[in-house]
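Student: Here it is: the structure, laid out below.
Taken together, the values in this text are just the output of simple stated rules run on the coordinates, not laboratory data. What you see is a predicted model, and the numbers here were worked out from it, not measured in a lab. Please note: Cβ atoms are built from the backbone with ideal geometry, for glycine as well, and neighbour counts cover all protein chains shown.
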Amino acid sequence: MMVNLRINLTIFLLLIGLASQVIAQKHLPVLKKEDGKHTFYVDGKPFLILGAQLWNSSAWPSVTDKFWDQAKELGCNTIEAPIYWQNIEPSPGEFNFKELDHLILSARESGFRLVLLWFGSYKNGRSQYAPPWVLENTEKYPRMKNAAGNDIYVLSAVSETNLEADKHAFVEVMKHIREIDKDHQTVIMMQVENEPGSMWTDRDYSDKANELFNSHVPQFILKKLDKEDGTWEQAFGIDAPEAFNAWCISGYIDEIAEAGRKVYNLPMYANVWIRENAFERPGEYPSGGPTSNMIPIWKANAPNLDLLALDVYHGNVNIFNDLCEKYNRSDNALFIPEMGNGDNFARFQFYAIGNYGAIGVAPYGIDPFHRDPRDLRDQIKLDKKFDGIAKNYNLLSKAIYPISQLQGTDKLKAVGEEEGMSEKLLRLENYDLLLSFGYPTYKDRNRRTGRVLVGQTGEDEFLLIGFDTKFEFRPSFGSPYNNVEFVLVEEGYFEGEKFVRERIWNGDALYHSTLPPEGAVLKIKLRRVESSEQRKEKANFDK
Ligand code: DGJ
């Protein structure tokens, strides 16, 4: 009897273990394209990465242990942290996961998700994160050569040995993450390498690379890019070296991603050091990276990458919007894993999310390391320059579900206060909405803090999510209505799909109709009113 009971209990526990594994596997983070729009799911629910990226030398316990309170102050839900090949594989085949474990466990304990950045063969168009046993053995692990035939500080992407070494390490990393995290999914995405490409040369000029360069471009690339058969030079002309490098590097990274996904199928991506506003000469930015002109090659050659992500530090709104347009494509969800900070970027986050369907945004360098590495205080406050972004995150996290539902449709728009633009008229379905900035007077006029997401959730229903913005609705110009009444204006937050009301706005609040400096999520119900003239006419007609 006792034996039977024990067997039953064991079977029961095994089943529970199995079930929890099945559930966890079922809910692996995934990026989906549904009805033409991209949505990132975590735990089976739409997720918006409100991220923060650590400085390069900060994913070490000595730094992160001081950092979690700061991250909470920022209100982010995801930390993007580098993991270093040089630390993970100190000698060939010997793996060290001490710091990785610490990172995952402490992020989990503090309630954050992680995007891990694999600093392997490529980091900003160089290879400085490869382990010493790789960097010191250039015979076995060959470098790219420049046009003069000299080795440069970049691993060759046409070398099988390099690829196998990096891939082996990455696969071990993925195995390890699977082992310690598959039931939790603290780690939700992997960046494979960092701003890949080659600095100082437009392509690899090693013998093997030269041979490939002078061969015909693979048929499937030509087909996808709608090009005639030919060598790289024949097919790509002046862009041939860069296109060739893009093919070599995207293939290298894709193979690493593919092997990693076979072990643990997390979404993966590559990020870009942009070419815009450099001299635009490949090699002055990492040549062959997923720059805007190379997206088609990367898309054709790296099917194991979910997306090509945009790093952007330009504080100019036109440049920012132009880049978002280039990376928000039907075959590419916009994700900005690195961006600047300050008021500009606080507004830009709204544009990325509201106008370009971004699945996530993250300022770079938010941990205390950059303040002063010798600063030993235990509690370090978040730097003031992240104020606007902290406000964003604390507000946006109240409305992740509706934002993710509206993204990628024409029902979501973002507007911000730009230089020389104190108001903006939005033409929406049934309504015109005038948004104006610089009001109320207690707002700091030297700072452009006005920003708002406008979501239309019904014929007469809206969500306004933002700061320092006055809103005035009118019936669409030319419609039979001439006035608008507020039926109900509620401030609150969303718990998943459910709206939780904290208060109703009325009286003076609606007279001023201005989103406050600390931000608000407003759920607005309106009523369009016909003019008495028209009402009379209609009444006559009905008689
Ligand atoms: C872009 C890189 O991807 C980051 O790792 C970091 O080096 C920043 N640049 C520094 O601005």
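Student: Limiting things to C-alpha atoms, what are the Rg and the maximum Cα-Cα separation (Dmax) for the stretch 43-122, in angstroms?
Tutor: For the stretch 43-122, the Cα-based Rg and Dmax read 13.3, 41 Å.
Student: Angle, helix 240-263 long axis vs. longest principal axis of the chain, Cα atoms, 0 to 90°, nearest 10?
Tutor: 90
Student: Helix-only estimate, please: 222 nm mean residue ellipticity of the chain, summing -39500 (n - 2.57) across DSSP H runs of length 4 or more and dividing by its residues, to the nearest 500. Walk me through the numbers before you get to the answer.
Tutor: Numbers: 18 runs with 185 residues, N = 543.
Theoretical 222 nm ellipticity from helices: -10000 deg cm²/dmol.
Student: Another question about this same structure. Counting pairs of Cα atoms in the chain, how many percent are more than 32 Å apart?
Tutor: Working: 73881 of 147153 pairs.
Roughly 50 percent, once rounded to a whole number.
Student: Please report, to one decimal in angstroms, the Kirkwood hydrodynamic radius of the stretch 280-353 built from all distinct Cα-Cα pairs.
Tutor: 13.2
Student: Would you mind getting me the FRET efficiency between residue 160 and residue 69? Use the beta-carbon distance for r and R0 = 45 Å, nearest 0.05.
Tutor: For R0 = 45 Å, the calculated efficiency reads 0.45.
Student: For 396, 426, what ranking results if the residue with the fewest other Cβ atoms within 10 Å of its Cβ goes first? List each step's numbers first, then the result.
Tutor: Working: 396 23, 426 16.
Taking fewest neighbouring Cβ atoms as first place, the list is 426, 396.
Student: I've got another one for you. Dividing the alpha-carbon radius of gyration of the stretch 81-140 by 2.2 N^0.38 Å (N being the number of residues), what value is obtained? Mind showing how you got there, number by number?
Tutor: On the way: Rg = 13.4 Å, N = 60, 2.2 N^0.38 = 10.4 Å.
In units of the 2.2 N^0.38 Å rule of thumb, it is 1.28.
Student: Nearest 5 is fine: what % of DSSP beta bridges in the chain come out antiparallel, could you say?
Tutor: Values: 61 of 92 bridges.
Roughly 65 percent of the DSSP beta bridges within the chain come out antiparallel.
Student: Quick one: Cα centre-to-centre distance for the stretch 242-309 and the stretch 390-467, in angstrom?
Tutor: Between the Cα centre of the stretch 242-309 and that of the stretch 390-467, the gap is 34 Å.
Student: Related question: How far, in nm, would the chain grow between residue 139 and residue 394 when pulled straight, counting 0.36 nm per residue and subtracting the alpha carbon separation?
Tutor: This chain segment gains 86.6 nm when fully extended.
Student: With everything on Cα atoms, drop me the angle between helix 2-26 and the longest principal axis of the chain, reported from 0 to 90° to the nearest 10.
Tutor: Computed tilt is about 80 degrees.
Student: If you rank 330, 250, 531 by fewest surrounding Cβ atoms within 10 Å, what's the result?
Tutor: 330, 531, 250
Student: Pairs of alpha-carbon atoms within less than 8 angstrom and 6+ residues apart define the contacts here; what relative contact order does the chain have, in percent? Each step should come with its number before you reach the end.
Tutor: Working: 1113 pairs, mean separation 70.0, N = 543.
Relative contact order here is 13 percent.
Student: Once you keep just the Cα pairs under 8 angstrom separated by 6 or more residues, what percentage relative contact order results for the stretch 79-118?
Tutor: Once divided by the residue count of the stretch 79-118, the mean separation gives 63 percent.
Student: Further question on the same structure: Under 4 °C and 1.567 mPa s, how fast does the stretch 168-321 diffuse according to Stokes-Einstein, given a Kirkwood radius computed over C-alpha pairs? Answer in µm²/s, whole number.
Tutor: It diffuses with D of about 78 µm²/s by this estimate.
Student: Follow-up. Which residues' amide hydrogens lie under 5 Å from the amide hydrogen of residue 76, considering only partners 5 or more residues apart or on another chain, with H built in the peptide plane?
Tutor: none
Student: In addition: Distances over 27 Å make up what percent of all Cα-Cα pairs in the stretch 413-542?
Tutor: 24
Student: If you don't mind, another one. Would you order 449, 138, 39 from fewest to most other beta-carbon atoms within 10 Å of each residue's own beta-carbon?
Tutor: 138, 39, 449
Student: With θ set to phi - 60°, apply the Karplus curve 6.51 cos²θ - 1.76 cosθ + 1.60 along the stretch 327-339 and write out the HN-Hα couplings as whole Hz, x wherever there is a Gly or Pro.
Tutor: 9, 9, 10, 5, 9, 8, 6, 6, 9, 10, x, 9, 8
Student: Once you sort the root eigenvalues of the Cα gyration tensor of the stretch 382-429 as a ≥ b ≥ c, which label holds: rounded (a/c under 1.5), prolate (a/b larger than b/c) or oblate (the other case)?
Tutor: oblate
Student: On to the next question. Estimate the FRET efficiency between residue 510 and residue 479 by the formula 1/(1 + (r/R0)^6), using the beta-carbon distance for r and 22 Å for R0, to the nearest 0.05.
Tutor: 0.50
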